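To keep things clear, I will list the structure first and then write my remarks on it.
The values are calculated or read from the model by the stated rules, or taken from the named source; none is laboratory data. The structure presented is a predicted model; accordingly, all values stated were derived computationally and were not measured. Please note: Cβ atoms are built from the backbone with ideal geometry, for glycine as well, and neighbour counts cover all protein chains shown. SASA here: full protein model, heavy atoms, side chains in, ligands and nucleic acids out. Shrake-Rupley method; radii C 1.70, N 1.55, O 1.52, S 1.80 Å.
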Amino acid sequence: MTKEQFEKVIQFAVEKEEDAAALYDTAAKVAVTPLAKKTFAEFAAEERKHKRMFLDLKLEDMAGSAVAPVADLKISNYLVDVEFRPDMSYQDMLILAMKREEQSVRLYSDLRQQTGDAGLQRLFGLLVEEEKRHKLRLETIYDDEILKEN
C-alpha cells in the first residue's frame, strides 16, 4: 500500500465519520426525550473521537497489525431501513443508526475483498471492525431498551 492510497482511504473514512457525527448531532437536537437527546449526543461525540483516531493513524502503524474481531448481534439485519425525519421515534433513530453502521461494515468489507493489496486489506479490515464496534453498541442499546420492553 502506498502512502497516497493510505491517505485516500483515511480521508474517505474521516468523511464518513463526519457525516455520521452530523446525523447524530441533528438527531440529538430534534429528539423529543432526554434519553434520545443524550444517546445521540454521545454517538456524535464518539464519531468525532473515531475521526481523530483515523487522523492519528499512520501508515507504519498498519505493518503486521492484527485486529480483534467484534461480535455481531445481527439485530439490524432483520430491521427495515428508515428515513430520517425530525419527528422520528427513539426506536427509529436507533434503527437508522444501526442500518448506517451496517452499510459501512458492508462497504469496507467489499472494498477489502476487492483489493489484492495486503496493506489495504489490513486497513479496510481495521475499518470493518471499528464499524462493527459502533453497530454492536447500537444493537446492544436497542436490545436493552427496545426489545426488552416489547
Scanning region 74-91 for residues that are at pLDDT below 90 and open to solvent by less than 40 Å² (accessible area, probe 1.4 Å) gives Met88, Tyr90
Residue set Thr140, Thr33, Thr39; condition touching a residue at least 12 places away in the same chain (Cβ under 8 Å), open to solvent by less than 30 Å² (accessible area, probe 1.4 Å), more than 23 Å from Phe12 (Cα to Cα) and of a type in the set (S, T, N, Q); output residue Thr39
Restricting to region 42-65, and then to whatever is within 18 Å of Phe124 (Cα to Cα) and of a type in the set (Asp, Glu), can you tell me which residue is least open to solvent (accessible area, probe 1.4 Å)? Glu47
Check Glu130, Glu101, Glu83 and return the single one that is out of contact with any Phe, Trp or Tyr (no Cβ under 9 Å at 6 or more places or on another chain) and within 30 Å of Lys58 (Cα to Cα). Glu101
Across region 99-137, what is the total count of residues that are open to solvent by 60 Å² or more (accessible area, probe 1.4 Å) and within 21 Å of Asn77 (Cα to Cα)? 8
Please work out which one of (1) open to solvent by less than 80 Å² (accessible area, probe 1.4 Å); (2) closer than 24 Å to Tyr142 by Cβ; (3) at pLDDT below 90 is the condition Pro69 fails and give its number. (1)
